[in-house]
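Enquirer: Dropping the structure in here first, questions after.
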Amino acid sequence: YTIGRTIGVDRWRWSRAPRVVSMRAWAKRRLARSTAAVVFTARFIPFARIAVNLTAGAERLPAPRYLGLCALAACAWAVYQSFIGAAIARLLPAYPVAAVLISIAIALLVGWALDAVLTRRFAPGTR
């Protein structure tokens with residue numbers, strides 16, 4: 001987040017690679033619409049977290065709100081990974097891909113729910 005905010009996202013050659021540019025474009029569009037869903041989802045997808053953090057900083061998302069969501073997402077990730085290790089792995093020992101897909105789906109649902117609550121709570125005209 002800080003690197004994206006202070007330095008930007010196009011400074012390094014690797015950050016201009018098509019795949020990275022594509023991830024950043026996705027993150028920018030999604031961050032504008034549903035910050036919590038993006039933060040929670042990115043926590044569960046390798047490399048997406050980097051793109052989201054850099055993009056959030058470069059797009060100047062308010063740090064307190066963004067970092068608060070990151071802290072909640074990190075806690076959710078840790079709890080969920082513990083749950084996956086104890087429960088899902090026991091149910092699906094031969095299907096690690098299914099466990100990852102379930103993880104992503106739950107992250108999306110939690111993010112969307114949190115966005116709905118935050119949008120209602122902080123919408124103009126509400127207190």
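Enquirer: Loop by DSSP (not H, G, I, E, B), at most 16 other beta-carbon atoms within 10 Å: where is the longest site-free stretch of the chain for chymotrypsin sites (Phe, Trp or Tyr not before Pro)? List each step's numbers first, then the result.
Expert: On the way: sites that count: 12, 47.
Value returned for the longest uninterrupted segment is 48-127.
Enquirer: Using 1/(1 + (r/R0)^6) with R0 = 41 angstrom and r between the beta carbons of residue 12 and residue 105, what's the FRET efficiency to the nearest 0.05? Show your work: numbers first, answer last.
Expert: Values: r = 33 Å, r/R0 = 0.80.
The computed FRET efficiency comes out at 0.80.
Enquirer: On to the next question. Considering the values (i) 36, 21, 11; (ii) 26, 21, 11; (iii) 57, 27, 12, which represents semi-axes √(5λ) of the Cα gyration tensor in Å as calculated for the structure under consideration?
Expert: So the structure-derived entry is (ii).
Enquirer: Please tell me the relative contact order of region 2-122 in percent, rounded to the nearest whole number, where contacts are Cα pairs under 8 Å and at least six residues apart.
Expert: 35
Enquirer: Placing unit charges on C-beta atoms (Lys and Arg positive, Asp and Glu negative, everything else neutral), compute the dipole magnitude of the chain about its Cα centre in debye, rounded to 20.
Expert: Working: 18 positive and 3 negative charges, 81 e Å.
Computed charge dipole of the chain: roughly 400 debye.
Enquirer: Here's a follow-up. Dipole of the chain (Lys/Arg Cβ +1, Asp/Glu Cβ -1, origin at the Cα centre): which of 32, 95, 83 lies farthest to the positive side?
Expert: Result: 32.
Enquirer: Oh, and also: Note the angle between two axes, namely the Cα long axis of helix 63-83 and the longest principal axis of the Cα atoms of the chain, as a number of degrees from 0 to 90, rounded to the nearest 10.
Expert: On a 0 to 90 degree scale, this one is about 10.
Throughout, read-outs are computed from the coordinates displayed, never taken from laboratory work. The model shown is predicted, which means the values in this text are computed figures rather than measured ones. Cβ sites come from the backbone with ideal geometry, for glycine too, and all protein chains shown count toward neighbours.
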